[in-house]
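Trainee: Submitted below is the structure of interest, expressed as structure tokens.
The values are calculated or read from the model by the stated rules, or taken from the named source; none is laboratory data. Values in this document were obtained by computation on a predicted structure and should not be read as measured data. Don't worry about glycine lacking a Cβ; one is built from the backbone with ideal geometry, like all the others, and counts go over all protein chains shown. Areas reflect the complete protein model, heavy atoms only, side chains present, ligands, DNA and RNA absent. Shrake-Rupley method; radii C 1.70, N 1.55, O 1.52, S 1.80 Å.
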Amino acid sequence: MTRLERSVDVLVVGGGPAGLGAAAELAASGAGHVEILEREQDAGGIPRHCLHGGFGVRGTGRFSGSGPRGGMSGPAFARACVAAAVGVGAVLRTGVSVTGWDGPRTVETTGPAGLERITARAVVLATGARERPRSARLVPGSRPPGIYTTGELQRAVHVHGQRIGTHAVVIGNEPVAHGAADTLRGAGLDIVAMVTDQPVSPLPALVRAWAGFPLLTGATVTRLTGRNRISGVELRHEDGRTTTLRCDTVVFTGDFVPEHELARRGGLVIDAGTRGPAYDTGFRTSRDGVFAVGNLLHAAEDAGVAAAEGRACAVPVLRGLAGHDRPAGPLVPLEVDPPLRWVAPNRIAPDAELHDGRFVLRTGRRLPRPHLVVSQDGRELHRQRLLLPVLPGHPFHLGAGWLERIDPHGSAVRITAL
């Protein structure tokens, strides 16, 4: 079948908060024909299914046109993001999937208009992140109905109005786990327990008092049971005890991974830590003219952060359109030592200007008020004491005031937690 050949100035792949934020700012800044491709029938990303409030509180920087401000529900935030992009002239096309690449900045698509081949002067990847399902977590046992990720749960409840069950176990203790618990209770379920393999900390007592259900720490899911319906979750505790929680619903939460398949298929360099495209402080990937934003880069930050990052991406994209895409010197890799898992951005350009003045990091285990030490070739560049413990699955940040001390011709900059 013949593909329709088209050209645009900027092609944004992904119609979530980051992609819509980038498109809004670029269209308002005169970037030319800015087109957003969203594979689902409605744009707006994950917030479309989150009925709780608080969206738009973070990342409330300037939004071109009538953008979202202050706290609002997820669907309202999604609609505001769409309106902000479309209102300034960005073209939003839904139900269109990018199936591959046919050149450095040419993609192949399929959608209601048929097969297309679209070439852009700049491509912005904003494909987001997803939670790993039970199968990817290698949890043994039967595979009966009643097992969800948070996204599947929210679509079932808020989009399809499905009856979920009566008694639920939530796996995970990241912020999204508490969002899942809110959705379950809103649907009339009792929360049997929230389970995490992380060790005991002062937080569980606060969670129990606030949330009204047990938080079981240091517990690993060893098996799911049930034939026609999930009937239980078997746990092994740190002290060797085993228990079974009776339930008819299980929700696996957090453990986000980037939707990086398109980036991989295009041959972009992937960062070993984040598992998203390696990128520098100007959102530039390893390919000229291809940028990346949002939770594709650092699964997963909240929607307000993603939207703000999308807007910030407009400046380097505009520079690229003007022929100034590449940094003025070599990129310096930024790496972390265990138990830190990753840092983003993970490349430092000589013209580095972080849009919010900080790096985001993750740890593999709980660290009580660590010192973060930044060094290069044995030379300490910076030391920062964090005032609160850092937890797996939760973002924490490192200031960027040390960037000017980097030797652009030195080896990788390392971040160590002490």
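Trainee: Could you grab the relative contact order for the range 274-418? Cα pairs under 8 Å, six or more apart, rounded to a whole percent.
Mentor: Result for the range 274-418 is 24 percent.
Trainee: Please compute the length gained on full extension between VAL257 and HIS394, using 0.36 nm multiplied by the number of residues separating them and subtracting their Cα-Cα distance.
Mentor: Values: separation 137, 0.36 × 137 = 49.32 nm, distance 1.39 nm.
Full extension from VAL257 to HIS394 adds 47.9 nm.
Trainee: To the nearest 0.05, what FRET efficiency results for GLU152 and ARG405 with a Förster distance of 45 Å applied to their C-beta separation?
Mentor: Details: r = 46 Å, r/R0 = 1.03.
Between GLU152 and ARG405 the formula returns 0.45.
Trainee: Modelled label-to-label distance, ARG241 and ASP190, 7 Å Cα→beta-carbon offset: nm?
Mentor: Going from the ARG241 label point to the ASP190 one covers 2.0 nm.
Trainee: Mind listing the long-range amide H neighbours of SER7? Cut-off is under 5 Å, sequence gap 5 or more, other chains count too, H placed in the peptide plane at 1.01 Å from N.
Mentor: Residues meeting the amide H criterion: THR119.
Trainee: Suppose only helical runs count, i.e. DSSP H with n ≥ 4. What mean residue ellipticity at 222 nm does that imply for the chain under -39500 (n - 2.57) per run, divided by all residues and rounded to the nearest 500 deg cm²/dmol?
Mentor: -5000 deg cm²/dmol
Trainee: Rounded to the nearest 5, what is the percent of antiparallel bridges among the DSSP beta bridges in the range 239-383?
Mentor: The antiparallel fraction comes to roughly 90 percent.
Trainee: Order the following by accessible area, largest value first: THR222, THR2. Probe radius 1.4 Å; ligands, DNA and RNA are ignored.
Mentor: The most accessible residue leads, giving THR2, THR222.
Trainee: With the contact rule set at Cα under 8 Å and sequence spacing of 6 or more, what percent relative contact order holds for the chain?
Mentor: On the way: 1048 pairs, mean separation 64.0, N = 418.
RCO, the chain: 15 percent.
Trainee: To the nearest 0.05, how large is the calculated FRET efficiency for SER7 and ASP42 if R₀ is 25 Å and r is the Cβ-Cβ distance?
Mentor: Calculated transfer efficiency: 0.40.
Trainee: Non-local amide H neighbours of PHE283 (under 5 Å, H modeled in plane, Pro and chain starts lacking H): which ones?
Mentor: Hits under the 5 Å cutoff: none.
Trainee: Continuing with the same structure: Roughly how much of HIS397 is accessible, in Å² to the nearest 10, using a 1.4 Å probe?
Mentor: Surface open to solvent at HIS397 totals about 40 Å².
Trainee: Of the DSSP beta bridges with both residues in the chain, give the percent that are antiparallel, rounding to the nearest 5.
Mentor: DSSP beta bridges in the chain are roughly 55 percent antiparallel.
Trainee: Continuing with this model, one more query. Taking 0.36 nm per residue of sequence separation and subtracting the Cα-Cα distance, how much length would be gained by fully extending the chain between THR110 and ALA83, in nm to one decimal? Provide the component values of the computation, followed by the final result.
Mentor: On the way: separation 27, 0.36 × 27 = 9.72 nm, distance 2.45 nm.
Gain in length upon complete extension: 7.3 nm.
Trainee: When the Cα centres of the range 310-336 and the range 117-141 are compared, how far apart do they sit, in Å?
Mentor: Using only Cα atoms, the two centres lie 23 Å from each other.
Trainee: What ranking of ARG227, ARG137, ARG311, ARG143 comes out by heavy-atom accessible area, probe 1.4 Å, highest first?
Mentor: Most to least solvent-accessible, the answer reads ARG227, ARG143, ARG137, ARG311.
Trainee: May I pose another question? Using only protein heavy atoms and a 1.4 Å probe, report how much of SER375 is accessible, in Å² to the nearest 10.
Mentor: Accessible surface of SER375 is approximately 30 Å².
Trainee: What FRET efficiency do you get for THR99 and GLU353 if R0 is 30 Å and r is their Cβ-Cβ distance, rounded to the nearest 0.05?
Mentor: So the FRET efficiency works out to roughly 0.30.
Trainee: Right, something else. What does the accessible area per residue of the range 80-223 come to in Å², with a 1.4 Å probe and no ligands, DNA or RNA counted?
Mentor: Spelled out: the 1.4 Å probe surface of the range 80-223, per residue, equals 42 Å².
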